[in-house]
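Peer 1: One structure is given below, represented as structure tokens, and several questions about it will come after.
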Amino acid sequence: MKKGRLIVMTGPSGVGKGTLVRSLLNCHPDLHLSISVTTRSPRPGEINGQDYYFVDRHRFQEMVEQGELLEWAEFAGNCYGTPLIPVKEHIEAGTSVLLEIELEGARQIRRTFPSALRIFIMPPSIDELERRLRGRGQDSEDAIRRRLMRAKAEMDAANEFDFEVINDDLDFALQRLESVLYTPV
Ligand code: ADP
Ligand code: 5GP
């Protein structure tokens with residue numbers, strides 16, 4: 001059977017990755033979104049096992065030591081990682097798996113899973129990114145500041161990726177993502 005593909009989507013926090021992924025999954029039930037583990041506290045409305053698996057630092061460390069994570073990184077004071085087994089199982093079963101992860105994790109995937117398709121989602125500008133982070137209204141001032149500081153370093157690394165998609169107009173960005181994912185190579 002043909003294996004599924006590993007697809008990595010990276011881009012600064014607030015650029016719209018979650019929004020794009022939700023739209024993609026609605027239109028393409030053939031894709032599986034990997035659910036990450038994090039030590040971050042749930043935002044209002046976030047559900048354990050659906051948005052993330054929320055764990056404490058001790059459990060996260062245990063998962064790292066036991067080799068249970070495909071990649072992991074620290075971001076804005078919290079740890080995030082991708083559980084390995086569900087990714088492996090879906091890919092073996094022929095389903096493509098989408099990872100929505102930050103830059104350090106994407107770099108690890110490049111080394112450990114070189115056949116992964118890696119896409120960078122770029123904001124139209126830093127000012128617009130800040131507007132989106134504030135408009136989302138779910139992060140503290142300190143969290144927004146840390147995310148914006150990290151954003152600049154992430155955007156500088158966009159050329160490490162296979163494709164760059166600018167999320168200016170949402171529908172246009174979605175079309176471009178679909179063409180990247182579904183145009184035969
Ligand atoms: P991320 O997952 O990258 O952190 P989100 O998907 O949570 O980002 O989006 C951050 C905010 O930006 C949300 O309020 C979302 O509605 C808004 N947003 C996403 N894409 C666009 C777009 N193309 N134009 C304007 N606002 C957008
Ligand atoms: P947030 O706290 O806004 O949900 O996520 C913060 C950042 O962590 C985002 O850039 C998101 O893509 C990234 N992230 C989420 N899950 C993972 C993961 O499993 N691994 C890594 N490396 N980054 C992740």
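The values are calculated or read from the model by the stated rules, or taken from the named source; none is laboratory data. Quick caveat, the model's predicted, so the values are computed rather than measured. Positions of Cβ are backbone-derived with ideal geometry, glycine not excepted, and every protein chain shown enters the neighbour counts. These area figures cover heavy atoms from the full protein model, side chains too; ligands, DNA and RNA do not enter into them. Shrake-Rupley method; radii C 1.70, N 1.55, O 1.52, S 1.80 Å.
Peer 1: Take the alpha-carbon positions of region 108-166, form their convex hull, and give its projected area averaged over all directions (one quarter of the hull surface) in nm². Intermediate values should be presented prior to the final figure.
Peer 2: Values: hull surface 18.8 nm².
For the Cα atoms of region 108-166, the hull's average projected area reads 4.7 nm².
Peer 1: Tell me the Rg and the Dmax, in Å, that the Cα atoms of region 52-110 produce.
Peer 2: In Å, with Rg to one decimal and Dmax whole: 11.8, 35.
Peer 1: Would you calculate a helix-derived [θ] at 222 nm for the chain, using -39,500 (n - 2.57) for each DSSP H run of n ≥ 4 and dividing by the full residue count, to the nearest 500?
Peer 2: On the way: 7 runs with 79 residues, N = 185.
Rounded to the nearest 500, it is -13000 deg cm²/dmol.
Peer 1: How long is the gain from R43 to T183 if the chain were fully straight, where each residue apart is worth 0.36 nm and the alpha carbon distance is subtracted? Don't skip to the end; give the middle numbers.
Peer 2: Details: separation 140, 0.36 × 140 = 50.40 nm, distance 3.59 nm.
Extra length from R43 to T183 when fully extended: 46.8 nm.
Peer 1: For L148 and L170 in one chain, what is 0.36 nm times their gap in residues minus the Cα-Cα distance, to one decimal in nm?
Peer 2: On the way: separation 22, 0.36 × 22 = 7.92 nm, distance 2.09 nm.
Once the chain is fully extended between L148 and L170, it gains 5.8 nm.
Peer 1: Counting only protein chains, not ligands or nucleic acids, how are H32, H58 ordered by accessible area (probe 1.4 Å), most first?
Peer 2: Values: H32 50, H58 135 Å².
In descending accessible area the options line up as H58, H32.
Peer 1: If you don't mind, another one. Quick one: how many Å² of E46 are accessible to a 1.4 Å probe, rounded to 10?
Peer 2: 40
Peer 1: Still on this structure, I have one more. Given R₀ = 35 Å, FRET efficiency for R57-R5 by Cβ-Cβ distance, to 0.05? Intermediate results must be reported in sequence, preceding the final value.
Peer 2: Values: r = 32 Å, r/R0 = 0.93.
For R57 and R5, the calculated efficiency is 0.60.
Peer 1: So, one more: In angstroms, what radius of gyration and Dmax does the chain have, counting Cα atoms only?
Peer 2: Values for the chain (Cα only, Rg and Dmax): 15.9, 49 Å.
Peer 1: Please give the solvent-accessible surface of D169 in Å², to the nearest 10, using a probe radius of 1.4 Å with every protein chain present.
Peer 2: 90
Peer 1: Right, here's the next one. Relative contact order of region 6-182: what whole-number percent is it, with Cα pairs under 8 angstrom and at least 6 residues apart? Can you show the working numbers first?
Peer 2: Values: 260 pairs, mean separation 58.0, N = 177.
Rounded, it is 33 percent for region 6-182.
Peer 1: Of the accessible area of the chain, with the probe set at 1.4 angstrom, what percent is carbon plus sulfur?
Peer 2: About 51 percent, which is the carbon plus sulfur part of the accessible surface.
Peer 1: So how compact is region 1-54: Cα radius of gyration and Dmax in angstrom?
Peer 2: 12.9, 41
Peer 1: Could you pull out which residues in region 104-122 have an amide N less than 16 Å from a spot 7 Å beyond the Cα of N159, following the Cα-Cβ vector?
Peer 2: What the label zone holds, given the 16 Å backbone N cut-off, is 120.
Peer 1: P(r) tail for region 72-143, what percent of Cα pairs lie past 13 Å?
Peer 2: Working: 1908 of 2556 pairs.
Percentage above 13 Å: 75.
Peer 1: Please report the antiparallel percentage of DSSP beta bridges with both residues in region 28-100, rounded to the nearest 5.
Peer 2: Details: 8 of 14 bridges.
That works out to approximately 55 percent antiparallel.
Peer 1: Out of the DSSP beta bridges found with both residues in the chain, what percent are antiparallel (nearest 5)? Before the final figure, lay out each step's value.
Peer 2: Values: 8 of 26 bridges.
Counting only bridges with both partners in the chain, antiparallel ones make up about 30 percent.
Peer 1: For the chain, what is the accessible area per residue in Å² when the probe is 1.4 Å? Each step should come with its number before you reach the end.
Peer 2: On the way: 9890 Å² over 185 residues.
I get 53 Å² per residue for the chain.
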